[in-house]
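Participant: Supplied in structure tokens, the structure appears directly below.
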Amino acid sequence: MFSNKIRNFVIIAHIDHGKSTLADRFLEYTHTIDKRKMKSQYLDQLELERERGITIKMAPVTMKFLARDGEEYSLNLIDTPGHSDFSYEVSRALEAVEGAVLLVDATQGVQAQTLANFFSAKKAGIKIIGVLNKIDLINSFGEKAADSAKGELAEVLGCGREEIMCVSGKTGEGVPGLLEKIVQVIPPPEKSDSAPFKGKALIFDSFYDNHKGVVASVRIFGGEFRADGEIKMARAGTRTKIKETGKFFPEMKPLDILRDGDIGYVATGIKDPEKIKIGDTAFFVDSGGVQSEDCVKFALHGYEEPKPVIFVSFFPEEASEYDFLRKALQKLKLNDSSISTEPDNNEVLGRGFKVGCLGRLHFEITAERLRREFQIGVINTFPSVKYLVKSKRGEMIEVVKPDDLPADYLEISEPMIDIVLIFPNRFLSGVLSLRKKFRFSEVHTETIGDRIKLSSKMPLVELVSDFDDCLKSVSEGYASFSYNVCGYEKTDIARVDFLVSGKAITGLIRFLPKDSLEREARKTVEKLTALLPKQQYTQPIQAVAYGRVIARADITATRKELGNFGKNGGDRTRKMKLWKKQKKGKERLKERADTSIPPEIFKELLKKE
Ligand code: GTP
């Protein structure tokens, strides 16, 4: 039975503009969550999401809404993350819905990710409702700012200002009106045909449940899925008996049937995540054979695989924890399909994994989750990007780790991004002062209201350094940015090794631009001198490139009193003996000198200042 009382939609916005808080009010107003059980940012289930106040993973929820027309509607909302690193999550959610609430913070106006999200929603061809949020702050913040934010949003959407809805996710003001608007303007799902199958669905997300195995979040595009049948995946080819079907309220609630247009889940019982691919089409089959050709022929177009762009190698602090790390990464991948992993090996650190992430924040979150959710002590290398190296024989090789750079090569290319920055006019010179440091090229500016939109190209690797912090400091936190990886450009870089007490620190090998090689190497050496703990002996720090030392400095030894030898310095022979003993001890210590450095030092080293 087909229902036109379904509305599927996402909330999209720039980071911190209030998506999760607005979702909270929706949950409350529709009585999906009991007021007593309500906690803020309810849909952010990960501990890390709640602590950092950011959404990392999309979260679907079904709400029942009694509209003014007296009809009950089934509202399927997908809350999405705001940061650029997670735009893949947003793009997937957009394929599963017919509408979007584009939220703009009244005190901030249109930001870089507002635009990026708007263009993605437009590309997906869905209905977009412009909403100004945080209107409870207008009194303290000023009518004028809110008014220009409204004007900017109307300009982006190409609609009249009167069409922009005004709400407060905090107080709930305007929220019932917005729910009515969603029902009125977002179209119900179109009836789809699933023939020759009984049901057809897009897998837009998946996660792992200890009892139910891999659970696929699905949008039904034709027919129905029953809990007592089987599913067959179009591309992965997997066929399995369904363990459970249901919807998110937002907790999983089993239901016997999912119908055309619904958003819900299919629990597969499958333990191997490789057998379920996000973006794949699931067909419902209740019995009998299935033609493989049909699976391919009738599959939905799905998604492009995400391409990791930042790579970091993780090694367990204790070699014996290798298997533990392997399993932890496997589990993490079950809930975050955009992570890529491959085994890595290192002379000093032993066996580990090279992990690919979608950006710097994604890498930080991944490292943090490993530490937190699995209590694994890991040593990681410098985050790197994938360089393309042309060898003398004309072959193209991909190089992520500086150790893999061939001794002789013709040229190196590095990944570039198209970056968009939005900030108030007065910060233009400050933002432009970053141009050289972060290698901006092809800079274009245009105005949006009384702010500037600056588009430029920048090497991706610059994002790994402290670009965010520098941008914040030159714009007093008013600038926002979004980016897309856009191809490769020739570059000139060299491998630099850093030695502590004559020993190369594996994680510290890095690529540095040739034109600032010595300056950058010197800076790193100075930072290491300041950051590494003192030992009982002097530790020379050296930077080595092309087989020669290009920078060096010493970490002086901690001074340890030789003991109390009386007023006159005590017995000289005894003193000498003790000194010799201590010297021997220091030599031993030096031999064992730690070949790894604490992770927090990496962060400091990545800063450009
Ligand atoms: P990401 O998921 O990280 O992109 O953030 P988000 O867009 O989900 O924003 P979130 O709901 O986490 O809100 C960000 C901050 O704004 C929080 O401190 C909220 O309490 C606050 N906030 C959200 N909505 C309102 C509002 O209507 N009024 C006021 N005063 N504060 C709000």
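Participant: Please give the charge dipole size of the stretch 388-491, origin at the Cα centre, charges +1 on K and R Cβ atoms and -1 on D and E Cβ atoms. Round to the nearest 20 debye. Display every interim value, and only then the final one.
Facilitator: Numbers: 14 positive and 17 negative charges, 68 e Å.
Here the size comes out at about 320 debye.
Participant: Determine the dipole magnitude for the chain: charges of +1 sit on the beta-carbon of Lys and Arg, -1 on that of Asp and Glu, nothing else is charged, the reference point is the Cα centre, and the result goes in debye to the nearest 20. Before the final figure, lay out the partial values.
Facilitator: Values: 96 positive and 89 negative charges, 642 e Å.
Dipole magnitude for the chain comes out near 3080 debye.
Participant: Between D492 and E321, what length in nm is gained on full extension when 0.36 nm per residue of separation is reduced by their alpha carbon distance? If you can, show how the numbers build up before the last one.
Facilitator: Working: separation 171, 0.36 × 171 = 61.56 nm, distance 3.81 nm.
Additional length available on full extension: 57.7 nm.
Participant: Where in the stretch 401-443 does the amide nitrogen come within less than 14 Å of the point 7 Å from the Cα of S391, taken along Cα to Cβ?
Facilitator: 404-411
Participant: Of the GluC sites (Glu not before Pro) in the stretch 133-213, which ones lie in a loop per DSSP and count no more than 12 other C-beta atoms within 10 Å? List each step's numbers first, then the result.
Facilitator: Working: sites: E143, E152, E155, E162, E163, E173, E180, E190; in loops: E173, E190.
In loop regions of the stretch 133-213 (DSSP not H, G, I, E or B), the sparsely surrounded GluC sites (Glu not before Pro) are E190.
Participant: For the stretch 293-445, just say rounded, prolate or oblate: build the C-alpha gyration tensor, square-root its eigenvalues into a ≥ b ≥ c, call rounded for a/c under 1.5, and beyond that prolate if a/b exceeds b/c, oblate if not. Can you show the working numbers first?
Facilitator: Values: a/c = 1.40, a/b = 1.31, b/c = 1.07.
Since a/c stays below 1.5, the shape of the stretch 293-445 is classed as rounded.
Participant: Skipping prolines and chain starts, which residues have an amide H placed within reach, meaning under 5 Å, of the one on Y73, given they are 5 or more residues away or on another chain?
Facilitator: Counting only residues 5 or more places away or on other chains, the set is F65, L66, A67.
Participant: Based solely on its DSSP helices, what 222 nm [θ] is calculated for the chain when runs of n ≥ 4 H residues each add -39,500 (n - 2.57) and the sum is averaged over all residues, nearest 500 deg cm²/dmol? Provide the component values of the computation, followed by the final result.
Facilitator: Details: 16 runs with 162 residues, N = 609.
The helix contribution divided over the chain gives -8000 deg cm²/dmol.
Participant: Which one, P424, M396, S384, is farthest towards the positive end of the dipole of the stretch 369-426 when Lys and Arg carry +1 and Asp and Glu -1 on their Cβ?
Facilitator: It is P424.
Participant: Please compute the length gained on full extension between K39 and D450, using 0.36 nm multiplied by the number of residues separating them and subtracting their Cα-Cα distance.
Facilitator: Details: separation 411, 0.36 × 411 = 147.96 nm, distance 3.73 nm.
Length gained, K39 through D450: 144.2 nm.
Participant: Let me ask something additional. With the other protein chains left in place, how much accessible area per residue, in square angstrom, belongs to the stretch 501-544 at a 1.4 angstrom probe?
Facilitator: 43 Å²
Participant: Also: Please give the residues of the stretch 118-154, grouped as numeric ranges, whose backbone N is less than 15 Å from a label point set 7 Å along the Cα-to-Cβ vector of R426.
Facilitator: Counting only backbone N, you get 145.
Participant: Show me, for the stretch 3-14, the HN-Hα J-couplings you get by feeding each phi into the Karplus relation (A = 6.51, B = -1.76, C = 1.60, θ = phi - 60°), rounded to Hz, glycine and proline as x.
Facilitator: With the stated coefficients, the stretch 3-14 comes to 10, 9, 9, 9, 10, 10, 8, 10, 10, 10, 5, 5 Hz.
Participant: Relative to the Cα centre, what is the charge dipole magnitude of the stretch 6-185, using +1 at the beta carbon of each Lys and Arg, -1 at the beta carbon of each Asp and Glu, and rounding to the nearest 20 debye?
Facilitator: Details: 22 positive and 26 negative charges, 37 e Å.
Its charge dipole is roughly 180 debye.
Participant: Among the listed pairs K386/K436; K134/K457; K150/K181; K35/K212; K123/K253, which have their C-alpha atoms separated by more than 24 angstrom in this model? Working shown, then result.
Facilitator: Numbers: K386/K436 22 Å; K134/K457 33 Å; K150/K181 18 Å; K35/K212 29 Å; K123/K253 33 Å.
Over 24 Å apart, Cα to Cα: K134/K457; K35/K212; K123/K253.
Participant: For the stretch 117-186 and the stretch 387-462, what is the separation of their Cα centres, given in Å?
Facilitator: Here the two parts' Cα centres lie 34 Å apart.
Participant: Step through the residues of the stretch 60-67 one at a time and calculate ³J(HN,Hα) from phi using the Karplus curve (6.51 cos²θ - 1.76 cosθ + 1.60, θ = phi - 60°), rounding each to whole Hz and writing x for Gly and Pro.
Facilitator: x, 8, 9, 10, 9, 10, 8, 8
Participant: By the gyration tensor of its Cα atoms, with a ≥ b ≥ c the square roots of the eigenvalues, what is the shape of the stretch 6-185: rounded for a/c under 1.5, prolate for a/b over b/c, or oblate? Don't jump to the answer; show the numbers that get you there.
Facilitator: Details: a/c = 1.18, a/b = 1.13, b/c = 1.05.
Cα axes put the stretch 6-185 in the rounded bin.
Participant: Give the peptides 358-364, 234-240 in descending order of average Cβ contacts within 10 Å, highest first. All intermediate terms of the calculation are to be shown ahead of the outcome.
Facilitator: On the way: 358-364: 22.3, 234-240: 16.6.
The packing order, highest mean first, is 358-364, 234-240.
Participant: May I ask you to order 326-333, 298-305 by the average number of other C-beta atoms within 10 Å around their residues, highest value first? Could the numbers behind the result be given before it?
Facilitator: Working: 326-333: 16.9, 298-305: 15.1.
Highest mean packing first, the order is 326-333, 298-305.
Participant: Quote the FRET efficiency, to the nearest 0.05, computed for S433 versus S140 with a Förster distance R0 of 30 Å and r equal to the Cβ-Cβ distance.
Facilitator: Details: r = 32 Å, r/R0 = 1.06.
With R0 = 30 Å, the Cβ-Cβ based efficiency is 0.40.
Participant: Considering only S473, I203, L300, whose Cα is most displaced toward the positive end of the charge dipole of the chain, charges sitting on Cβ of Lys, Arg (+1) and Asp, Glu (-1)?
Facilitator: Final value for the positive-end residue is S473.
Participant: Arrange the peptides 470-479, 128-137 so that the one whose residues have, on average, the most other Cβ atoms within 10 Å appears first. Please report the intermediate quantities before stating the final value.
Facilitator: Values: 470-479: 17.2, 128-137: 23.0.
Top to bottom by mean Cβ count within 10 Å: 128-137, 470-479.
Participant: Classify the stretch 36-139: rounded, prolate or oblate, from the alpha-carbon gyration tensor (a ≥ b ≥ c, eigenvalue square roots; a/c under 1.5 rounded; otherwise prolate if a/b is larger than b/c)? Working shown, then result.
Facilitator: Values: a/c = 1.20, a/b = 1.09, b/c = 1.10.
Rounded shape, in that the Cα axes give a/c under 1.5.
The values are calculated or read from the model by the stated rules, or taken from the named source; none is laboratory data. What you see is a predicted model, and the numbers here were worked out from it, not measured in a lab. Ideal geometry is used to build each Cβ from the backbone, glycine not excepted, and the neighbour counts take in all protein chains shown. In case anyone asks, the SASA skips ligands and DNA or RNA and just uses the protein heavy atoms, side chains included. Shrake-Rupley method; radii C 1.70, N 1.55, O 1.52, S 1.80 Å.
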